[in-house]
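K.L.:
Got a structure here, written out as structure tokens. Questions coming.
The values are calculated or read from the model by the stated rules, or taken from the named source; none is laboratory data. A quick note: this is a predicted structure, and the numbers were derived from the prediction, not measured. Cβ placement follows ideal geometry from the backbone for every residue including glycine, while neighbour counts extend to all protein chains displayed.
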Amino acid sequence: MNYRTEIAAIISTVTGLPASEADALIEVPPQKELGDYAFPCYALSKTLRKSPNAIATELSADPRFSDTWIEKAEAVGPYLNFFLDRGHVARTVLSRILDEDIRFGDSDEGEGKTVIVEFSSPNIAKPFHVGHAFTTVLGHSLSRIYKKLGYTVVRMNHLGDYGTQFGKLITAYRLWGDEQALLASPIDELLRIYVKFHEAEKEDPGLSDLARENFRKLEEGAPEEKALWEKFRDMSLKEFAAVYEKMGVSFDNYNGESFYSDRIPEVLGLLNEKGLLVESEGARVVMLEEYGLPPCIIIKSDGTTIYASRDLAAVMYRNETYRFHKNIYVVGLPQALHFKQVFAVLDKAGQPYAKDCVHVGFGLVKFKNMKFSTREGNIVVLDELLNESIAKTREIIKSNALIRETGMNDEHIDEIANKVGIGAVIYTYLRAGRERDIIFSWEEMLDFEGDSAPYLIYTYARTRSILRKADERGLLTDMRSEADFSLLISDDETGVIKLLAEIPDAVARAASTNEPFMVARLASQIARAFNRFYNNSSILSGTDIGLRAARLALCEAICTGLLICTNLLGIEVVEQM
Ligand code: ARG
């Protein structure tokens, strides 16, 4: 249903230009008087030895361009402009969406292929901050996008649950830990003693030795140290789980760094076998100058492993276990060098799956005129952002009678505020290219008329309410048979229908570039185009039965389209607002 691709295919048959090249050249004209798509003929002028204008004129007469769904192909200067048969477009697109429902845009491109999406990966005993929320939202959306395309998706949470800091935590907990406080608010308590440890360490260097000793014991599996570590891990996980539940996110496994720390011998085995480990200032490293990268340290001079070694073990494990088609890491851009090094080491070791590993990076999170009770290091905790967003959404809905239906009770408003408030945060993370920095501002994220989740959800709910009213009047029973799609030919109608037709393509492109914003942007365009149509036309009060039924079918398709997109983004809609 991608008209651009289909036009490219015809251009290719007629002119011999490869379809992919034609596809890339096709433009959407700036004015609708110039048609729906335009093909600039310059590219053909060399091979055909004619001026682009002459080529355009000649091509416009070719009968193959007057397919059933192309109304006409017209030459304007060097351009060949295509006008779609609007009624035909309405009929094909809407019938398909109504038939396929939420499966519209599904594909089998991923059949038999496994994609690992590693995301979120917070650190045990540390607050879940807004940066971890970025990877969480992005990874969650990507996992849904790949799933829609037929891939087997494994969602992994690579918990930061290993490292020397746990020696410090164990030491600190024995000195100052408060069991009650730990039960009440685990991460706050663990953070408190961790900070305290660092202060105390400055005065008493003996503490550092103690911490190192405790970490060594932990690594050797000493029962008391291990029990404490497990306690910290379990309690932190419980707190993370609450955040995940709130956001509707789940994982297939939580194999964190500790899980892979046992598998370092495999890494060393491989690197030794390939003769790649070299000595450098007491450490063992892999040189990567041919990749233009600094050496990757595998074993530190004190014999301990590092983050990168555990990541190498993780890729090897994932390859063994899943034979992945792609292994995706949704991690902030500051770690780009780390991933380049890890992938380069694998490549140098001759591992073919190195090329299937992808670092999907993202930008920073900033705030405009927003105040939070920030903690150590100016960290903004996600939970606070979510709660504040929900509370503000509730206020807006309560104080603005225009955006809520009459007679709604408080409980219902709370439910809506919850979904809209959380959706607003999610959408802000996903609405632009992931490598750009995010700026949160209440005005924008909660603007019910802006490029926001509230706008999408409101549009969905409003459309649902039209359909509910139609249903009450018995207008939906024969909607499909009554609908005369050849009447849906106004600019507004065609505009929104063409956007709906783009959903499958947008999903596929979102996956190939790992950019969920492509789905977010389309959803927002669909909602805007639909509202334009809605404001300019009467839907329920129309007297022409064929037109009324066709418009109701369009409403139904809009709901399906918005639902598909919001689902892929991880945003929940509401049926009524
Ligand atoms: N826990 C790390 C952090 O919070 C992110 C882990 C990323 N994943 C990985 N495989 N290294 O910075």
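K.L.:
Could you say whether any residue in the stretch 448-462 is surrounded by fewer than 15 Cβ atoms within 10 Å (Cβ to Cβ), within 21 Å of residue 521 (Cβ to Cβ) and not small (Gly, Ala, Ser)?
P.N.:
Taking every residue of the stretch 448-462 in turn, at least one turns out to be surrounded by fewer than 15 Cβ atoms within 10 Å (Cβ to Cβ), within 21 Å of residue 521 (Cβ to Cβ) and not small (Gly, Ala, Ser).
K.L.:
Quick one: count up the residues across the stretch 240-263 that are more than 15 Å from the ligand (Cβ to nearest atom) and either closer than 22 Å to residue 163 by Cα or among the small types (Gly, Ala, Ser) (or both).
P.N.:
Qualifying residue count, the stretch 240-263: 5.
K.L.:
So, one more: List the strands (runs of 3 or more DSSP E) that sit entirely inside the stretch 326-386 and contain at least 1 residues that are among the hydrophobic types (A, V, I, L, M, F, W, C) and either modelled with pLDDT under 90 or in contact with a Ser or Thr (Cβ under 7 Å, 6 or more places away or on another chain) (or both).
P.N.:
326-330
K.L.:
Being assigned to a helix (DSSP H, G or I), touching a residue at least 24 places away in the same chain (Cβ under 8 Å) and either more than 14 Å from the ligand (Cβ to nearest atom) or in contact with a helix residue (DSSP H, G or I) (Cβ under 8 Å, 6 or more places away or on another chain) (or both) is the filter here, so list the residues in the stretch 311-325 that pass it.
P.N.:
Start the filter on the stretch 311-325 by keeping residues that are assigned to a helix (DSSP H, G or I), which leaves 311-322.
Remaining after also requiring touching a residue at least 24 places away in the same chain (Cβ under 8 Å): 311-319, 322.
Listed by number, the residues that qualify are 311, 312, 313, 314, 315, 316, 317, 319, 322.
K.L.:
Being within 12 Å of residue 11 (Cα to Cα) and assigned to a helix (DSSP H, G or I) is true for just one of 38, 56, 73. Which residue is that? Even if it seems obvious, please write down each step before you answer.
P.N.:
On the way: 38 fails: assigned to a helix (DSSP H, G or I); 73 fails: assigned to a helix (DSSP H, G or I).
None of the other options fit; the residue is 56.
Residue-by-condition table, conditions (1) of a type outside the set (Gly, Ala, Ser); (2) out of contact with any strand residue (DSSP E or B) (no Cβ under 7 Å at 6 or more places or on another chain); (3) surrounded by 19 or more Cβ atoms within 10 Å (Cβ to Cβ):
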site: 50; (1), (2), (3): yes, yes, no
site: 56; (1), (2), (3): no, no, yes
site: 59; (1), (2), (3): yes, no, yes
site: 64; (1), (2), (3): yes, yes, no
site: 75; (1), (2), (3): no, yes, yes
site: 95; (1), (2), (3): no, yes, no
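K.L.:
Another question about this same structure. Taking residue 111, is it modelled with pLDDT of 95 or more, away from the ligand (no atom under 16 Å from the Cβ), in a strand (DSSP E or B) and not hydroxyl-bearing (Ser, Thr, Tyr)?
P.N.:
Spelling it out, it is not the case that residue 111 is modelled with pLDDT of 95 or more, away from the ligand (no atom under 16 Å from the Cβ), in a strand (DSSP E or B) and not hydroxyl-bearing (Ser, Thr, Tyr).
K.L.:
With (1) surrounded by 18 or more Cβ atoms within 10 Å (Cβ to Cβ); (2) touching a residue at least 40 places away in the same chain (Cβ under 8 Å) as the list, and residue 284 as the residue in question, which single condition is left unmet?
P.N.:
Among (1) surrounded by 18 or more Cβ atoms within 10 Å (Cβ to Cβ); (2) touching a residue at least 40 places away in the same chain (Cβ under 8 Å), residue 284 violates only (2).
K.L.:
Taking residue 159, is it in contact with a strand residue (DSSP E or B) (Cβ under 9 Å, 6 or more places away or on another chain), of a type outside the set (Gly, Ala, Ser) and either away from the ligand (no atom under 16 Å from the Cβ) or at pLDDT 95 or above (or both)?
P.N.:
In short, yes.
K.L.:
Which residues, counting only those in the stretch 114-126, are within 11 Å of the ligand (Cβ to nearest atom) and in contact with a strand residue (DSSP E or B) (Cβ under 7 Å, 6 or more places away or on another chain)?
P.N.:
116, 118, 119, 121, 122, 123, 124
K.L.:
Can you spot a residue in the stretch 222-231 that is buried (at least 19 other Cβ atoms within 10 Å of the Cβ) and within 30 Å of residue 140 (Cβ to Cβ)?
P.N.:
yes
K.L.:
Still on this structure: Considering 390, 439, 397, 422, which residue is on the phi < 0 side of the Ramachandran plot and touching a strand residue (DSSP E or B) at 6+ places or on another chain (Cβ under 6 Å)?
P.N.:
None of the others qualify; the one that does is 439.
K.L.:
Within the stretch 288-305, identify whether any single residue is more than 11 Å from the ligand (Cβ to nearest atom) and within 26 Å of the chain's Cα centre (by Cα), and answer yes or no.
P.N.:
Checked the stretch 288-305: no residue is more than 11 Å from the ligand (Cβ to nearest atom) and within 26 Å of the chain's Cα centre (by Cα).
K.L.:
Let me ask something else about it. Test of understanding: among 134, 104, which residue is in contact (Cβ under 8 Å) with a residue 40 or more places away in the chain, closer than 29 Å to residue 480 by Cβ and either within 16 Å of the ligand (Cβ to nearest atom) or touching a helix residue (DSSP H, G or I) at 6+ places or on another chain (Cβ under 8 Å) (or both)?
P.N.:
Just one listed residue meets the conditions, 104.
K.L.:
For the stretch 441-478, what are the residues that are more than 25 Å from the chain's Cα centre (by Cα) and of a type in the set (D, E, K, R)?
P.N.:
Answer for the stretch 441-478, where residues must be more than 25 Å from the chain's Cα centre (by Cα) and of a type in the set (D, E, K, R): 462, 464, 468, 469, 471, 472, 473, 478.
K.L.:
Checking residue 129 against (1) within 16 Å of the ligand (Cβ to nearest atom); (2) of a type outside the set (Ser, Thr, Tyr); (3) at positive phi, only one condition comes out false. Which one?
P.N.:
Among (1) within 16 Å of the ligand (Cβ to nearest atom); (2) of a type outside the set (Ser, Thr, Tyr); (3) at positive phi, residue 129 violates only (3).
K.L.:
Suppose the filter is under 24 Å from residue 182 (Cβ atoms) and among the basic types (Lys, Arg); does residue 284 pass it?
P.N.:
The answer is no for residue 284.
For every residue, the table says whether it meets (1) under 19 Å from residue 93 (Cβ atoms); (2) not acidic (Asp, Glu).
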residue	(1), (2)
5	yes, yes
16	no, yes
21	no, no
38	no, yes
50	no, yes
62	no, no
68	yes, yes
